[in-house]
1. Go through B:Leu300, B:Leu295, B:Leu312 for me and flag whichever is within 7 Å of chain A (Cβ to nearest Cβ) and under 20 Å from the mean Cα position of the chain (by Cα).
2. Could you please give the count of residues in the range B:397-417 that are within 12 Å of chain A (Cβ to nearest Cβ) and either in contact (Cβ under 8 Å) with a residue 60 or more places away in the chain or more than 25 Å from the chain's Cα centre (by Cα) (or both)?
3. Working carefully through the options B:Leu108, B:Leu164, B:Leu117, B:Leu153, find the one that is open to solvent by 50 Å² or more (accessible area, probe 1.4 Å) and either modelled with pLDDT of 90 or more or in the same structural domain as B:Leu245 (by TED's automatic domain parsing) (or both).
4. For the condition within 14 Å of chain B (Cβ to nearest Cβ) and in contact with a Gly (Cβ under 7 Å, 6 or more places away or on another chain), what is the one hit in A:Thr352, A:Thr337?
5. Read through the list (1) among the polar types (S, T, N, Q); (2) open to solvent by 40 Å² or more (accessible area, probe 1.4 Å); (3) within 14 Å of chain B (Cβ to nearest Cβ), then give the number of the only condition that A:Thr374 fails.
6. Looking at A:Phe145, A:Phe114, A:Phe95, can you tell me which residue is within 19 Å of A:Val323 (Cα to Cα) and open to solvent by 40 Å² or more (accessible area, probe 1.4 Å)?
7. Report whether or not A:Arg386 is within 12 Å of chain B (Cβ to nearest Cβ) and either open to solvent by 10 Å² or more (accessible area, probe 1.4 Å) or out of contact with any strand residue (DSSP E or B) (no Cβ under 9 Å at 6 or more places or on another chain) (or both).
8. Quick check on the range B:3-24. Is at least one of its residues farther than 30 Å from B:Ala180 by Cα, buried (at least 18 other Cβ atoms within 10 Å of the Cβ), modelled with pLDDT under 90 and among the charged types (D, E, K, R)?
Amino acid sequence: MSDNQVIPLPEPGSLRSGASPYWRGVPGVVPIAATFLLAASIVIISGLILFGWNTLRVLAISVAVALLVESTFSLLTRRTRSWSEAYALLVGVLFACTLPPTVNWHVPVVGAAFAIMLGQVLPGGVGNYIWHPVVLGRIAVQILFHDQVTPKWSSVLAPGHLLWGNLDGGQELSTLGSWGSYPVSQDVQTLLSVPPAEHLRLPIITESGVSNGEMIAGLVRDILPPWPDTLFGVVGGGIGEACVIAVIVAGLLLLWRGFLRWPMVVAAIVSAVVLTAMLPVRILLADGTMATRWFPGLAGWEGLPVGLVYVCYHLTAGEFLLVLLLLAPDPSSSPLTSRGHAWFGFIIGVVTIMLRVLMGMPASGYWALIIANTMVGVINRTTKRRIFGTWRVKPVY
Amino acid sequence: MLDFPSPAVLWVPMIQHDGPAGCMVVDVGREVERGELIGEAAEAGSLNVHAPLTGRIAGIGHVDTARAFDVPAIQLEPTESKGVDEGARETRVSSSTLPDELKDIELLADLADGAGLTDFGLPTVGLGDKLRRAASKGVRDIIINTIPAEPTLLVTKLLLAKYLDDIIKATQWLYSALDARRVWLAMDRSDARQVTGYRSATSGTPIRVVGLSNKYPQGSPTLLTKVVLGREIPYGQSPIDVGVLVLELEVLPALVSAVRRNEPMVDRIVTVGGPAAKRPGNYRICVGTRYADILGYVGLSHSVVRIIDGGLMKGASVKSLDAVVTKQTSSIMLLDQDTDRIPNPGPCIHCGWCQEDCPAGLDPMALLDVVERGCPSEAKSLFPHACIECGLCSYVCPAELPLTEAVVEIKQKVSLDV
């Protein structure tokens with residue numbers, strides 16, 4: 001535009017009126033979904049590397065069904081909201097993250113449809129649901145297709161076949177060395193293993209005279225894969241559950257954008273650590289009787305803090321971090337204040353570990369989030385902020 | 001600071017603050033000097049109005065201002081071209097210098113009233129009234145607020161650089177007149193050089209410089225009282241009630257002009273900006289200048305869809321170009337089509353950011369709910385009057401809900417009962 005061009009003064013009556021403030025910081029709801037999608041895509045990429053094209057298969061089915069159900073409902077109810085599709089897409093992607101890559105096609109179909117229909121559309125859309133739609137869908141398939149979503153053998157691509165390998169068949173690893181060092185022939189594209197989450201929820205088989213330290217040391221040394229393998233995700237599991245590093249990177253993104261609040265993360269991890277260190281592990285003796293051993297986290301063996309290693313396995317195993325860093329910060333189903341978020345995280349940490357260690361439940365993180373979501377109403381009521389200039393009086397709602 | 005030429009005609013409104021109108025004391029056709037009294041404070045809470053320029057009273061009528069409509073106003077046709085240049089102003093210093101100490105707060109308040117000074121805050125009241133109230137409440141702490149009231153206001157920085165002596169002088173008057181314990185100068189700590197400059201300049205005086213982060217809404221008197229002195233103002237009270245007088249920085253140079261040079265408040269340094277302004281800057285603009293004249297002089301780079309009198313958070317929309325600038329005008333923002341985004345409210349997604357970011361700990365969502373259901377009586381238990389109207393809840397709301405607007409509405413409807 002040239003400097004000499006004269007722009008006329010506005011016409012009389014053309015000026016806009018309206019009350020302050022005129023400055024808006026957050027341009028709508030869609031960027032929130034976009035940030036979550038970006039975080040989820042980091043996790044999806046990690047799944048793509050670990051599990052190959054099967055990740056895309058599950059992702060495509062899940063997203064397609066989620067979008068289809070959402071748009072069908074928008075069409076039927078004639079309530080179109082510009083951003084409801086963005087959230088349906090997010091639900092589809094996140095739901096794919098929770099599934100193992102080997103599931104049959106009907107699992108993501110049923111789960112995504114369930115998540116969108118009962119989780120998001122029927123409660124009235126984003127902002128009105130109590131339970132995270134993804135977790136609702138995941139719990140549904142957990143009940144309906146238990147063997148599919150928590151298989152005994154979990155597949156992961158073998159060294160040299162990452163990203164391009166075919167996730168099919170595979171060689172079973174009965175005793176686990178490091179994923180990279182395990183001697184398999186070049187033809188084997190898939191390794192089958194029991195993910196650490198399964199070992200950690202099941203009773204430890206041991207003899208009666210064995211001390212805590214020796215028992216934990218045996219578990220870590222003979223049964224569980226090396227701990228760094230659980231960080232990289234080469235132990236298998238869900239598409240998004242496996243690679244802990246990717247989940248943490250996604251969590252850092254959400255933390256930086258302010259969707260994930262640190263009190264929740266700190267509360268969840270601290271409570272999980274304390275509880276795993278304290279709660280009794282169930283042991284199965286050789287004669288078939290069950291017993292419990294308290295304070296496994298304090299166990300030492302030959303001067304090594306094996307109990308601490310055991311706690312670390314619990315943190316990185318299974319769905320705990322995926323639930324905490326990617327699913328729990330969902331704006332609609334999490335508490336309002338930061339203090340509320342701390343309680344929310346506390347509930348997630350406590351329930352996950354209790355269900356896993358005491359009851360041996362698979363996918364305990366999802367159950368924990370459902371329970372924490374249910375508690376949000378109570379949390380919101382009890383964690384109201386003090387109003388400036390008032391003391392010992394609570395606002396009445 | 002940039003010059004602003006004297007316009008062909010001024011409409012000087014009789015209400016230029018949040019209070020009752022002044023009473024006109026001149027007739028049509030009279031010649032008036034710059035600074036001559038043309039509207040007199042007739043009742044409690046009203047303020048004197050002076051002629052901004054030498055000229056002839058051409059008529060009497062009504063004008064709109066940004067915050068009031070159909071205000072009685074005097075039409076003035078200036079005969080002098082405005083002596084805007086600061087050099088000319090400085091030479092007009094009268095010999096009547098006052099001592100460093102001013103023991104009598106009444107004298108100071110009367111001088112402020114005589115000059116028609118406001119307290120430069122929002123809502124705007126007379127400075128004299130504020131000083132008298134502070135004296136009667138036994139205020140012992142004074143906070144001079146140099147932190148911009150809003151992110152877009154740049155005047156305080158300019159004043160701090162330009163009026164160091166005046167600021168210290170006026171502060172000492174206030175200190176001695178109110179028999180204060182201490183004067184706190186709340187400064188933006190991001191400009192370290194200015195802060196250290198003021199630290200050394202005020203050493204040996206009762207002034208204490210406090211460096212604070214310039215994070216909006218730090219400039220709010222309520223929050224400054226809490227941050228500087230650790231005193232939380234009880235619900236429904238003002239800083240003066242807890243023994244703190246919070247004054248805007250702009251008060252001090254104006255007070256010095258009024259006391260030393262007998263110069264009434266007839267103009268104000270106004271930040272003119274916004275994406276549609278071709279020559280943005282700080283202008284000294286006479287009260288009664290029409291927005292049409294300002295836009296004509298500043299020039300437009302895009303077509304304007306909204307003119308804001310004040311900042312982007314707390315300002316008021318100007319509905320007509322014939323409206324005029326008052327003593328309340330701190331800045332003028334010219335927004336074009338792209339920047340004036342009209343919110344498109346959607347359903348609340350319960351993210352909780354409005355609660356989390358509210359400096360007063362309110363629940364704006366619940367207050368909006370009360371407004372939408374049309375039962376403001378329920379709002380009493382939500383303590384709406386704790387709101388400082390900073391606008392953060394609306395700023396952060398991803399659903400673009402009119403949260404601040406709702407709380408402001410409730411505050412007007414619900415009486416203050418603690």
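The values are calculated or read from the model by the stated rules, or taken from the named source; none is laboratory data. Computed from a predicted structure; not experimentally measured. Every residue, glycine among them, receives a Cβ derived from its backbone with ideal geometry; neighbour counts consider all protein chains shown. Protein only, heavy atoms only, side chains kept; ligands, DNA and RNA dropped before computing areas. Shrake-Rupley method; radii C 1.70, N 1.55, O 1.52, S 1.80 Å.
1. On the way: B:Leu300 fails: under 20 Å from the mean Cα position of the chain (by Cα); B:Leu295 fails: under 20 Å from the mean Cα position of the chain (by Cα).
Exactly one residue qualifies, and that residue is B:Leu312.
2. 6
3. Working: B:Leu108 fails: open to solvent by 50 Å² or more (accessible area, probe 1.4 Å); B:Leu117 fails: open to solvent by 50 Å² or more (accessible area, probe 1.4 Å); B:Leu153 fails: open to solvent by 50 Å² or more (accessible area, probe 1.4 Å).
Just one listed residue meets the conditions, B:Leu164.
4. On the way: A:Thr352 fails: within 14 Å of chain B (Cβ to nearest Cβ).
Every option except A:Thr337 fails the conditions.
5. (3)
6. A:Phe114
7. In short, yes.
8. no
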